[in-house]
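Structure record follows, encoded as structure tokens.
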Amino acid sequence: MNRYDVGIVGYWYATNYGSAMTYYALSRAMNQMGFSTVLIESPMKDQDPEGDNVFSRIFLRAHCNISESIPWDRQSALNDLCDGFMVGSDQVWTSFAIRHMRDMFFLGFVDEEKKKVAYAPSFGNADFFQPTPEQEQMVKHCLNRFDRISVREDSGREMVRNRFGIRADQTLDPVFLISQDEYRKISAESQRDVEGKYILAYILDPTPDKEEFIRKTAQKLSMDVKIVLDGRAGTFPKNRAKFQHYSDDVIQKDVDLPDWTKLFQNAAYVVTDSHHGVAMAVIYNKNFLCYPNYSRGYSRFVSLMSLLGLMDRMVPNTNSLTENILLQDVNYDRVNEILQKQRERSLQWLRDAFSLPKSKLPSIRLPENTVALKVDKHLCTGCGACVSSCPTDALELIPDENGYYRSSVDYDRCVNCGKCINVCPAIQLPEKTNRKQPKCYECVAADTKILENSSSGGAFSLLAQEAFRRNGSVVGAAWQEDFSVAHIMIDSEQDLPKLQKSKYLQSYLGNTFRQVEKKLKDGEFVLFSGCPCQVTGLKSYLGKEYDNLLTVDLLCGNSPSTRFFQEYLKEQFPEGLQAYEFRNKTEGWNWDGVLITLKNGEQQYRRGGKDDDYQRVYHNHTMCAPHCENCRYQETPRFGDLTIGDFWGIGGKDKTLNTRNGVSVILCNNEKGEKYLSAIPEEQIGVMKEVPLAWLGGNGYAINKSHNYCSPKRNQFYELVKAMPFSKAVDYTLKPMHGEVVSRYQHANTLLQFDMAMQRFKFNPDIWEEHTINGATVLFTKQQQTKPGSYAMMSLCRALEKGRKYRLDIKFRVNSTSEVVNLHIKDSGSSYNQVIYSHRNAGQNKGQWVQLSVDFVPNSKIYDEFMIGASQISGPDAYIAFEYIVISEV
């Protein structure tokens with residue numbers, strides 16, 4: 001009997017093109033490293049309804065060694081065949097697999113002393129792995145017997161870590177382990193004629209929309225189509241029937257594995273709903289579109305496309321298919337560079353798994369007493385309490401896949417002491433001893449220079465100056481050279497500008513708490529300022545009160561990641577920056593003014609989402625961090641001695657205030673904070689007045705049982721920004737048509753040419769009605785529904801350009817009690833709009849047809865709709881009628 005280095009277990013025998021190629025590639029990669037391999041036959045081979053002469057078995061018998069089929073009761077005999085065993089890739093760790101294959105895919109039959117390795121298996125979607133309690137115990141037992149484990153998807157890594165306390169690496173699907181040349185050799189075995197320029201549509205689960213998707217793609221590309229369906233013999237007739245509009249010469253029959261690879265190799269374009277279809281398109285460097293297959297495991301699509309920066313190639317339905325997406329080439333220089341690095345890393349992982357002795361392999365068992373196992377990563381705020389507490393420096397804050405600083409454990413240095421767990425506020429909040437109803441003050445500094453350099457009324461600067469008078473240090477967030485933000489410690493007022501002003505991104509703390517503790521133990525005074533989660537983390541880390549410490553937390557909304565901000569800067573300012581200043585007061589106290597100083601000294605001032613893509617997704621919480629969404633640190637009682645922020649709306653409550661340069665709110669949460677505040681010299685204070693706490697409103701989610709939130713489009717944006725330029729990801733996320741609209745008009749300079757036969761307004765039918773009367777389109781409003789924000793819109797063929805002149809030609813008439821009716825341009829992804837014409841609806845002209853031509857210049861690049869508001873179409877029998885609307889370039 002032959003003996004082999006490695007026995008490979010998995011679904012290699014399934015009549016599935018991707019599975020068969022996966023195990024061929026895995027076996028071939030091992031052979032190229034010098035290991036002999038054998039594919040372990042199913043113990044239920046005789047019960048396989050597909051039989052022995054299917055394409056997968058025919059191909060693999062010709063290219064690989066295959067063991068005999070060993071019955072369930074004699075599975076241990078396989079140990080005589082191999083020195084070690086590996087469970088291979090694909091969805092082999094699912095509830096379905098457990099029901100049919102028992103513990104085989106978890107190597108339950110393998111003797112203790114033999115190597116047991118998992119290379120890139122998958123749990124599929126979360127609902128694919130729902131074991132019974134007995135099955136879960138089996139899985140836990142078997143996983144703990146492995147010598148090394150990798151998984152294919154990031155979700156699988158989280159699964160084994162959080163559910164079973166196992167460390168798993170993430171490696172490439174095996175199909176990527178061998179070169180394109182290897183696949184070309186396989187293609188050469190095919191006798192199929194696949195000449196001509198064609199689109200290959202590899203579709204596992206046909207639907208009417210996928211059929212339309214293929215038809216539309218072929219029409220736009222002016223190519224023929226060849227369709228390959230699921231390879232299972234029993235499935236083919238059923239799937240073939242779902243593509244009734246395609247002839248038999250389009251639907252490829254009797255496709256074997258060499259045919260399959262050849263069809264990809266010779267295709268001019270690929271459309272697929274298959275994970276391995278995407279993989280083959282990438283291997284052959286083909287332009288492709290992926291129609292993600294949710295029923296077969298969406299996470300594997302996201303994992304692969306995110307890794308390769310190809311999220312923009314995923315198109316979820318035909319409505320989302322645009323000409324721009326279809327015609328955009330894949331940047332294979334970038335993709336191949338990423339793939340080569342990942343391939344080398346994955347091959348080295350595999351080589352080490354079987355070359356190194358067991359004693360040299362890192363342990364797969366994670367220390368139980370670590371924050372990595374005890375805290376959901378989405379609840380980790382990156383406060384750094386665990387990092388500062390670790391006696392062996394086994395913890396550090398590193399960016400996760402979205403750029404958020406999270407606690408990461410070096411398990412080789414971890415001594416399992418549990419100190420990180422004891423100080424983590426996400427596990428256990430420190431005791432709340434502050435006031436449920438803090439005293440509330442409006443505050444304005446007397447020094448105009450302080451006001452100029454502060455986001456609001458200068459409260460932070462007043463508090464910091466008091467710390468310096470006590471020969472103390474101040475800790476706060478400061479810009480770094482790469483435009484990230486980190487907490488630093490200063491002890492001089494001349495460094496105060498580093499800590500002034502808002503920075504709307506997460507701050508890196510590292511071991512800052514350890515530095516603060518040293519100062520405190522040396523008897524020095526420290527003022528620490530930060531977000532509520534950071535102040536809570538410090539208090540939890542210290543574990544005791546210090547008289548020489550004052551904590552100041554902020555009324556914050558959310559803190560996006562450094563990664564998002566740097567992606568935005570890289571795209572918007574490729575020449576580089578000298579400075580970036582949120583909350584600049586060029587136009588007075590505001591929440592959305594940004595001053596940007598370019599490398600050449602030129603300055604740009606931007607206001608809100610109309611001007612700035614970062615603010616388009618900041619203020620509406622589309623970038624909101626998961627830990628901000630789930631914040632437990634904002635409500636009263638607060639954890640800081642004092643709380644500071646902007647006192648929005650105070651001008652309407654205290655008419656005596658001059659709010660031009662900003663007003664701060666200060667909450668005194670305890671006597672220490674109150675005493676500290678009273679120590680500030682009176683001559684430094686312009687205004688310090690106690691006011692009702694209720695005046696604070698919802699700012700910072702501190703009172704009124706308010707709670708932070710995230711946009712429902714947050715997760716989509718997170719995935720897209722990994723694969724697209726920042727502004728494109730913003731458009732794709734926020735705009736209904738993803739910012740892509742195909743021109744309907746013959747003339748390129750025409751953006752809207754209203755044609756009643758082709759177009760209709762978009763609106764809420766509870767508010768508007770649309771009719772055609774005497775050749776005109778008439779919009780009626782339901783009187784009780786005419787409130788601000790209730791728009792009727794018509795799409796332009798593309799977004800208008802900021803600063804460019806356009807002309808509106810229009811004929812309309814209005815019946816309304818409103819004296820002014822405004823015509824607007826609007827952003828389809830938000831309520832941002834601009835009035836382009838104000839019609840005085842009074843006197844002799846009331847209710848008469850108005851025909852005009854008016855020029856306008858957009859103040860933003862985001863407008864892509866013409867709009868009217870229901871609130872101005874009011875009164876009995878209110879309506880607005882249009883004969884024509886044309887918007888064109890001047």
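The values are calculated or read from the model by the stated rules, or taken from the named source; none is laboratory data. A quick note: this is a predicted structure, and the numbers were derived from the prediction, not measured. Positions of Cβ are generated from backbone atoms using ideal geometry, with glycine treated the same way; all protein chains shown enter the neighbour counts. Heads up: the accessible areas ignore ligands, DNA and RNA and are worked out on the full protein's heavy atoms, side chains in. Shrake-Rupley method; radii C 1.70, N 1.55, O 1.52, S 1.80 Å.
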key: Flagged links, alpha-carbon separation over 25 Å, of Lys286/Lys722; Lys503/Lys585; Lys501/Lys735   = Lys501/Lys735
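Report the local net charge at Leu550: Lys and Arg +1, Asp and Glu -1, summed over other residues whose C-beta lies under 14 Å from its C-beta. It would help to have the intermediate numbers written out before the result.
Numbers: positive: Arg469, Arg470, Lys519, Lys539, Arg638, Lys672, Lys675; negative: Glu466, Glu524, Glu545, Asp547, Asp553, Asp641, Glu671, Glu674.
For residues surrounding Leu550, the net value is -1.
Just flag the GluC sites (Glu not before Pro) in region 599-665 sitting in loop per DSSP whose Cβ has no more than 11 other Cβ atoms within 10 Å.
On the way: sites: Glu602, Glu629, Glu635; in loops: Glu602, Glu635.
When the GluC sites (Glu not before Pro) of region 599-665 are filtered for loop state and at most 11 Cβ neighbours within 10 Å, Glu602 remain.
How do 377-383, 426-432 rank on mean C-beta neighbours within 10 Å, highest first?
Values: 377-383: 23.3, 426-432: 15.0.
Ranked by mean Cβ neighbours within 10 Å, highest first: 377-383, 426-432.
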message = At 1.4 Å probe size, what's the solvent-accessible area of Asp249? Round to the nearest 10 Å².
response = 120 Å²
ask   = Using a 1.4 angstrom probe with every protein chain in place, what is the largest-first accessible-area order of Asp259, Asp482?
value = Asp482, Asp259
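Ignoring ligands, DNA and RNA, how do His276, His771 rank by accessible area with a 1.4 Å probe, largest first?
Listed by decreasing accessible area, they come as His771, His276.
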remark   = Taking protein heavy atoms only, a 1.4 Å probe, and rounding to whole percent, the accessible area of region 520-678 owed to carbon and sulfur comes out at 44 percent
Separation in nanometres of the label points that stand 7 Å from Cα toward Cβ, at Leu595 and Gln340 = 4.7 nm
key: Euclidean distance of C-alpha centroids, region 475-513 and region 289-311, integer Å   = 38 Å
query = So what's the gap between the Cα centers of region 316-384 and region 173-210, to the nearest angstrom?
reply = 25 Å
ask   = In deg cm²/dmol, rounded to 500, what helix-only [θ] at 222 nm does the chain give when every DSSP H run of at least 4 residues adds -39500 (n - 2.57) and the total is split over its residues?
value = -7500 deg cm²/dmol
note = Charge tally for neighbours of Pro357 with beta carbon under 11 Å away, counting Lys, Arg as +1 and Asp, Glu as -1, is +1
message = Just to confirm my numbers, what's the Cα centroid distance between region 579-593 and region 542-556 in Å?
response = 28 Å
task = May I ask you to order 650-661, 205-216 by the average number of other C-beta atoms within 10 Å around their residues, highest value first?
result = 205-216, 650-661
task = Determine the percent antiparallel among the DSSP beta bridges restricted to the chain, to the nearest 5.
result = 65 percent
inquiry  = If you count only protein heavy atoms and use a 1.4 Å probe, how large is the accessible surface of Lys518, to the nearest 10 Å²?
reply    = 130 Å²
task = Could you order Leu327, Leu172 by accessible surface area, starting with the largest, using a probe radius of 1.4 Å?
result = Leu327, Leu172
request  = Please give the net charge around Glu452, taking every other residue with its beta carbon less than 12 angstrom from that of Glu452, where Lys and Arg add +1 and Asp and Glu add -1.
outcome  = +3
query = Among the lysines, which fall within straight-line cross-link reach of Lys728, defined as a Cα-Cα distance under 19 Å, with same-chain neighbours fewer than 8 residues apart omitted?
reply = Lys570, Lys610, Lys713, Lys802, Lys826, Lys861
query = Which of the aspartates and glutamates could a cross-linker bridge to Lys360, judged by Cα under 19 Å and excluding same-chain residues fewer than eight apart?
reply = Asp5, Asp83, Glu112, Glu113, Asp147, Asp169, Asp352, Asp410, Asp412
task = Just subtract the alpha-carbon distance of Asp103 and Asn331 from 0.36 nm times their residue separation and send over the number in nm, one decimal.
result = 77.8 nm
message = Applying a 10 Å radius around every beta-carbon, put 581-588, 489-496, 156-163 in order of their mean neighbour count, most first.
response = 156-163, 581-588, 489-496
key: Tensor-based shape of region 181-270 (alpha-carbon gyration tensor, a/c under 1.5 rounded, otherwise prolate or oblate)   = oblate
For region 650-655, 3J(HN,Hα) per residue [Karplus equation, 6.51 cos²θ - 1.76 cosθ + 1.60, θ = phi - 60°, Hz, x = Gly/Pro] = 5, x, x, 9, 10, 5
request  = Would you mind working out the accessible area per residue for the chain, using a 1.4 Å probe, and quoting it in Å²?
outcome  = 41 Å²
inquiry  = Under a crude label model (7 Å from the Cα following the beta-carbon direction), how far is Asn319 from His771 in nanometres?
reply    = 2.8 nm
